[in-house]
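Q: My questions will all concern the structure given below.
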């Protein structure tokens, strides 16, 4: 009964995500959304704004021949910033599904505020990316290493393999998780010790669709026809909400005996996408790791997953997140005082492979995580929001951004 309930939940989440994405096919590049031809309008225009006020901006999107778009689904990124103060904040984008978007900014600081409105992907590219993501597991290839005495044997591994071959199946029957390797001859399945990956040349996009994912069609600025916004402190007290050297992937441990503190980092279960071999002997699914935590008021569990799932169909990510959520529920049932914090994934560079690793995939995973964990008493570190605000351009954010994430974690725990 519990199994069927979980499967139904996964199915519902996947359907909700599907309904957010427009189903579009196009044959002429001129019919796709054009940042240059689109228009931004301030809805609540004023000479000055107070710190804590909201700035509302309407976006009307047009194609390359100047025709107004009649559907939504464009992937937009909005932020305000001050170069002098080195400050930034993201904007909340609402899609009205008719070519019009409303962006809400909270004005956090005094002085001049600049606005950036980026069309990361037109809706036509979003539709193509979503369609391509659902088509297969073969954009990433896994190579497993088995030890046979003193010699190593490499073999093919993955989530989906040719069933005609003899396979080693690494299963979690309770949580319906599975990973496979082609069994080497005369080597037991227990001899599986390491794993690595590489990108395959496979693409499920047409040439025209691929062109939308390359410069100059990627992350294009929508013209802002106004001067900077001027923000003053005002005399009224205002309250406002903010947006809520070791080998790679080895288990890390830090101990402070004076403060009686123990910290452990462990990698999550398959997939880990990396060109270098890593050990699978200490690899387990996060849900199983959480089940081994006794928990108490001095214990914090921080969960982070996302980037390594982007090249695969999103049902793998959704199933994993639901399994983790269920494990957190069991943890909080036996230890309600344990602190659980979920760290969302961050944005990354736009010069890589958008079909496999682009931020659109990360954004959909972020929405899925919020949907799955919304009923639990857990903290959320919105690394997505923070890296948009900082305008970072790296899958590994700079130290000052990471430090701010740590500070946010400590506000939950201390």
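The values are calculated or read from the model by the stated rules, or taken from the named source; none is laboratory data. Since we're looking at a predicted model, the values are computed, not measured. Cβ: placed from backbone, ideal geometry, glycine included. Neighbour counts: every protein chain shown.
Q: Suppose we keep only residues that are farther than 30 Å from residue 29 by Cβ and buried (at least 17 other Cβ atoms within 10 Å of the Cβ) within the stretch 52-66. Which one would you say is nearest to the chain's Cα centre (by Cα)?
A: Taking the candidates together, the pick is 55.
Q: Test residue 165 against the stated conditions and say whether it is touching a strand residue (DSSP E or B) at 6+ places or on another chain (Cβ under 7 Å), farther than 30 Å from residue 17 by Cα, outside the structural domain of residue 288 (by TED's automatic domain parsing) and in a loop (DSSP other than H, G, I, E, B). Spell out how you get there, then give the answer.
A: Working: touching a strand residue (DSSP E or B) at 6+ places or on another chain (Cβ under 7 Å): yes; farther than 30 Å from residue 17 by Cα: yes; outside the structural domain of residue 288 (by TED's automatic domain parsing): yes; in a loop (DSSP other than H, G, I, E, B): yes.
So residue 165 fits the description; yes.
Q: All but one of (1) at pLDDT below 95; (2) in contact with a strand residue (DSSP E or B) (Cβ under 9 Å, 6 or more places away or on another chain); (3) more than 30 Å from residue 32 (Cα to Cα) hold for residue 217; which doesn't?
A: (3)
Q: Pairs please, first residue from the stretch 393-414 and assigned by TED's automatic domain parsing to the domain that holds residue 304, second anywhere and in a loop (DSSP other than H, G, I, E, B), Cβ atoms under 7 Å, 6+ apart in sequence or on different chains.
A: Filtered contacts from the stretch 393-414: 393/349; 394/348; 394/349; 395/348; 395/349; 397/346; 398/392; 401/392.
Q: Same structure, new question: Of everything in the stretch 243-266 that's part of a loop (DSSP other than H, G, I, E, B) and under 24 Å from the mean Cα position of the chain (by Cα), which residue is modelled with the highest pLDDT? Break it down into steps so the answer makes sense when it comes.
A: So the first thing to find is which residues in the stretch 243-266 are part of a loop (DSSP other than H, G, I, E, B), and the list is 243-251, 257-260, 266.
Still in the list and also under 24 Å from the mean Cα position of the chain (by Cα): 243-244, 248-251, 266.
Numbers: 243: 36, 244: 37, 248: 59, 249: 63, 250: 72, 251: 78, 266: 88.
Out of the qualifying residues, it is 266.
Q: Which is in a helix (DSSP H, G or I) and under 22 Å from residue 212 (Cα atoms), of 369, 350, 386, 364?
A: The match here is 364.
Q: Inside the stretch 302-321, can you point out the residues that are surrounded by 20 or more Cβ atoms within 10 Å (Cβ to Cβ), touching a helix residue (DSSP H, G or I) at 6+ places or on another chain (Cβ under 7 Å) and not in a loop (DSSP other than H, G, I, E, B)?
A: 303, 309, 314, 317, 318, 321
Q: Output the residue which, of all residues in the stretch 87-103 that are outside any strand (DSSP E or B) and surrounded by 15 or more Cβ atoms within 10 Å (Cβ to Cβ), is farthest from the chain's Cα centre (by Cα).
A: 99
Q: Can you tell me which condition residue 84 does not meet? The list is (1) in a loop (DSSP other than H, G, I, E, B); (2) within 30 Å of residue 22 (Cβ to Cβ), and all the others hold.
A: Of everything listed in (1) in a loop (DSSP other than H, G, I, E, B); (2) within 30 Å of residue 22 (Cβ to Cβ), residue 84 misses just condition (2).
Q: Now for a different question. Tell me which residues, restricted to the stretch 327-342, are out of contact with any strand residue (DSSP E or B) (no Cβ under 9 Å at 6 or more places or on another chain) and surrounded by 19 or more Cβ atoms within 10 Å (Cβ to Cβ). Spell out how you get there, then give the answer.
A: Step one: filter the stretch 327-342 for residues out of contact with any strand residue (DSSP E or B) (no Cβ under 9 Å at 6 or more places or on another chain), giving 327, 329-330, 333-337.
Correct list: 327 only.
Q: For the stretch 267-287, give me the residue count where each residue is part of a helix (DSSP H, G or I) and farther than 16 Å from residue 333 by Cα.
A: Within the stretch 267-287, the first condition is being part of a helix (DSSP H, G or I), and the residues that meet it are 286-287.
Those left that are additionally farther than 16 Å from residue 333 by Cα: 286.
So the answer is 1.
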